[in-house]
Amino acid sequence: MERQRWALLTVAACVAATCAGAVVDTALGTAASVAVVVLGLVVSRVLWAAGRRKSPRRRGWRLLALTPLFPVIGAGLAAFAGPSESLQVVVLRWVPTIPGYALAVVAILTLVDRARLRTGRRAAVELALFVLACLVVVQLLLIGPEGRWTALHVDERVVLGSAAVITSLTMAAALTLLGVVECDRQRMALVLLGGAVCLTAGRGLSTAPLLLHAQGAAGAGRFLVVAGLTLFGLAAILDPGPRAPGSRPVSGPSTELGQVLPHVAMLMAVTVVAAVALMGYRPDIGGVLGAVGCVALAAVHRAVTARDEQSMGARLRRSEAYFRSLVSSSADAVLILGPDLRVSWAAPALERILGRGAPRLVGEALLDVVHPDDAAAVTGALHSRPVASGGLLPLRLADGSGEWRRLEAGVSDLRGVPDVGAVVLHCRDVTERHEREEALRSIAYTDPMTGLPNSAGFLRTLRRTVAEPDADGAVGTSLLLVELEGTADVREHAGRDVVTAVVAEVGRRLRATVRGDDIVARMGGGAFAVLARSTAAEADQLADRCLAVVEQPITTSAGIVDLTASVGLVVVERGLGEEDLLGRAGLAVRAARVAGTGSAARYTDAIGHAAARRARMLTDLQGAPARGELFLLYSPIISLTEQRVTGVEAHLHWRHPELGDVPPSEFLPAAERAGLSGELLRWALDQATAAVQGLPSAGAPLRLGLDVPAAHVAGGTLAADVDAALRRSGLAPERLVLELAEETVLAEDERVAMDVASVRLMGVHLALDHFGSGRSSLAGLTRLPIDILKLDRSFVSRVDRDQQDRALCESVIGIGRALGVDVVAEGVETPAQLTTLRGFDCGFAQGFLISRPLPLDEVRALLGERAGVLWPGLVGQQ
């Protein structure tokens, strides 16, 4: 664009120099005319290029690019005609030019959007005023101040009249464009008006002397034509182009310049006529009448404008009243902030929220009146981080009594809109809603029984604690999990209300035991959690204090209640989630419970590894039989009188591919918790009955003993499982011995009793396992439906050196013999124990002294090679 401008100015300068040479030397007149024609062609090219560049409307400049070609055609016709009369020359030049001026009028009006061209009475008055003012000036320019119009022939008058009218229309079109064009295009319109004035004046000065037989004005006319064409090209280059459809205009349809232009046109016409009179010439009657007409039209324009403004003002007042009514009746209160974020207007609806505090907001900076804690958020929302569309800005404002009211404001940032230039806040009072939410949040995070935080509230606090940076590395944070023991007995004997009172009292004691900034929460049931800021030693002391206050007697309506607890401690480490920390605390509580009642344990890596091992076993036990990881070992049972093997007890073992051999004491409890004990027992029954069926026997057929867990008996499938195993293997029922715990045999569940009775009716023998451990009683032996009594290893271990155990063991063996029950001593590990048992006439024994559990092949070899004879060599026969 800059290059086009300088190229155009360079060509114009060269043409102007040629015209100046023609003034000095008349012989260069033809060269000057040719140079003007060349400039017209150059300008036409510039206008055409501008029309191609300006989008989307380019037909205005394209049409205007055609107008310089019409004078070129007229000049060519005049030159082709050769020497002739002045009138003929003028006609040849003007007849092609008049359509060019008409096309220029259309082109100029096309440069602006049709919607911006005013219509109606005011537009008609303006157009008439522009045309009349231009006629006054143009006729004076063409005819001169002396009014020589009457001296012309009719054909000359027609030519000059046509020229005056068409040039006046062109300048009127340029004035109309200047009055309605957008503000950013007014410079272009002003340059275009200058070009139209110069071009029409130059054409007039070139034509009038020929008709009026005046000399000396042709040179000045060329200079004006050159200037007019140059300004036309510069206007096209300066035009920024119309705005895209739908974009907001810079100004309204009538700019400030458009309001002034009619008066300028009137003043121009009056000034020209007055100047003629002041110069001593007699003004032409047409010019005087034109000036008077301009004054009259200006007055009419002012009246029409005043009426339009009055009507527009009335519409604006009605519209303003309408929207004020809408804003006032709206539930949302509107605040308008200036560019400096000061409150410039507050809706009356805000008084319903803030009362007397609302009027005091006007003129105040918003950041000075909001709550100090909200200032940073408001600053970020209105400056660096604008609120997204549909987002809400929370803020607090003080009401008339000084209380803070909570508001949610929708933000409309209209500072970039020239007609508004403000930030609009649509505020809604949410104080009551916030209070209700706080109340609901308090209920959601508070335990109603104790008034302490519940598990959800504690997890939220723990989550914040884990996320916060550790300000003091020397003092850490410990999590204590306190699980009460004994509440089940209290509920059974005293009722739920007493348990509620007891738990509430424990919560009160724990709250009084910790420091003020420590957190105590009830996690549900009889579990409490404590989050304490303390060192490791202080956490251990706190755990002891918690145990002490729990174990203090509690007075209730049902009497004195004694409780105890287990406490698990874990250090809060960064990077661990709240669920991980609570899981570790639970593992520590389990370790404390194993250690004994009223104990506390701290989580260690060993506890974590053990828990991971248990979890791994629970997962891998599923499908272990199908994968061939389970196997059976058989412990021989000998008859002390016959000194040979009369039976075997099958022991289930698990060889894990990664953990190695897992003892039954470790994986069987895990299987019972996982509900897999039934699957394992059925597998063991099938394998053991099939294996024993094929074993050799020198005397009576071997018996097979198998331990049955209480969980499987309670499942109600014992009888069916035993019957299915016996049918598949073909083993005689009397050769199978099911070893049951005493509490299983004495269970009050009818289904368990029926299963036990059904198994006995099949012919299967029942053995009372581990007698002498736990709460075993001699009195209960007479009521038990058993065939075999197995003395527990704890009963046998001191029989050779403790008189009380010796007497008790001898009594049990005697009772069994009197009841017709076979007695088997388990865990015989020393010759002295075996000798003592033989002295008591105990029937059977098993243990490491006799033989360790053997695989099936070794048992078969033992029975085949020595006919089942098995006796420790250190024990003499009696």
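Some observations on this one:
- Scanning segment 824-859 for residues that are aliphatic (A, V, I, L, M) and more than 21 Å from Ser697 (Cα to Cα), we see that the one that is surrounded by the fewest Cβ atoms within 10 Å (Cβ to Cβ) is Ala832.
- Of the residues making up segment 612-631, those that are of a type in the set (A, V, I, L, M) and open to solvent by 20 Å² or more (accessible area, probe 1.4 Å) number 4.
- Whichever residue in segment 403-420 is without any contact (Cβ under 8 Å) to a residue 40 or more places away in the chain and part of a loop (DSSP other than H, G, I, E, B) and, among such residues, is nearest to Val343 (Cα to Cα): Val420
- Only one of Ala691, Ala700 that is in contact (Cβ under 8 Å) with a residue 12 or more places away in the chain, part of a helix (DSSP H, G or I) and either touching a Cys at 6+ places or on another chain (Cβ under 9 Å) or of a type in the set (A, V, I, L, M, F, W, C) (or both): Ala691
- Only a single criterion out of (1) open to solvent by 30 Å² or more (accessible area, probe 1.4 Å); (2) closer than 30 Å to Leu569 by Cα; (3) touching a residue at least 24 places away in the same chain (Cβ under 8 Å) is not satisfied by Pro663, namely (3).
- In the set Glu658, Glu666, Glu629, Glu642, only one residue is closer than 30 Å to Ala700 by Cα and among the acidic types (Asp, Glu); that residue is Glu642.
- Contacts under 6 angstrom Cβ, first residue in segment 612-636 being touching a residue at least 60 places away in the same chain (Cβ under 8 Å), partner open to solvent by 60 Å² or more (accessible area, probe 1.4 Å) and of a type outside the set (Phe, Trp, Tyr), 6 or more apart: Leu632/Gln687
- Residue in segment 824-843 that is closer than 21 Å to His712 by Cβ and in a helix (DSSP H, G or I) present: no
- Picking from residues in segment 181-199 that are of a type outside the set (A, V, I, L, M, F, W, C) and farther than 14 Å from Asp113 by Cβ, the one that is most open to solvent (accessible area, probe 1.4 Å) is Arg187.
- Taking each residue of segment 830-846 that is closer than 17 Å to Ile637 by Cβ and touching a residue at least 12 places away in the same chain (Cβ under 8 Å) and looking for partners that are assigned to a helix (DSSP H, G or I) and of a type in the set (Ser, Thr, Tyr) with beta-carbon atoms closer than 9 Å, six or more apart or interchain, yields Cys842/Thr836.
- Check on Ser344, open to solvent by less than 90 Å² (accessible area, probe 1.4 Å), in a helix (DSSP H, G or I) and under 27 Å from Gly421 (Cβ atoms): no
- Taken over segment 694-737, the criterion of being of a type in the set (D, E, K, R) and crowded, with 19+ Cβ neighbours inside 10 Å is satisfied by Arg703, Asp707, Asp721, Arg735.
- Checking each residue in segment 273-295 for being open to solvent by 50 Å² or more (accessible area, probe 1.4 Å) and part of a helix (DSSP H, G or I) picks out Ala277, Leu278, Ile285, Val288, Leu289, Val292, Val295.
- Failed item, numbered, when Val362 is tested on (1) surrounded by 12 or more Cβ atoms within 10 Å (Cβ to Cβ); (2) aliphatic (A, V, I, L, M); (3) modelled with pLDDT under 85: (3)
- The numbered conditions (1) within 29 Å of the chain's Cα centre (by Cα); (2) at pLDDT below 80; (3) open to solvent by less than 70 Å² (accessible area, probe 1.4 Å) are all true for Gly390 except (3).
The values are calculated or read from the model by the stated rules, or taken from the named source; none is laboratory data. Nothing here was measured: the structure is a model prediction, and the numbers come from that model. Every residue, glycine as well, gets a Cβ built from its backbone with ideal geometry; the counts of neighbours run over all protein chains shown. Ligands, DNA and RNA are stripped out before the accessible areas are found, and what is left, the full protein with its side chains, is counted by its heavy atoms. Shrake-Rupley method; radii C 1.70, N 1.55, O 1.52, S 1.80 Å.
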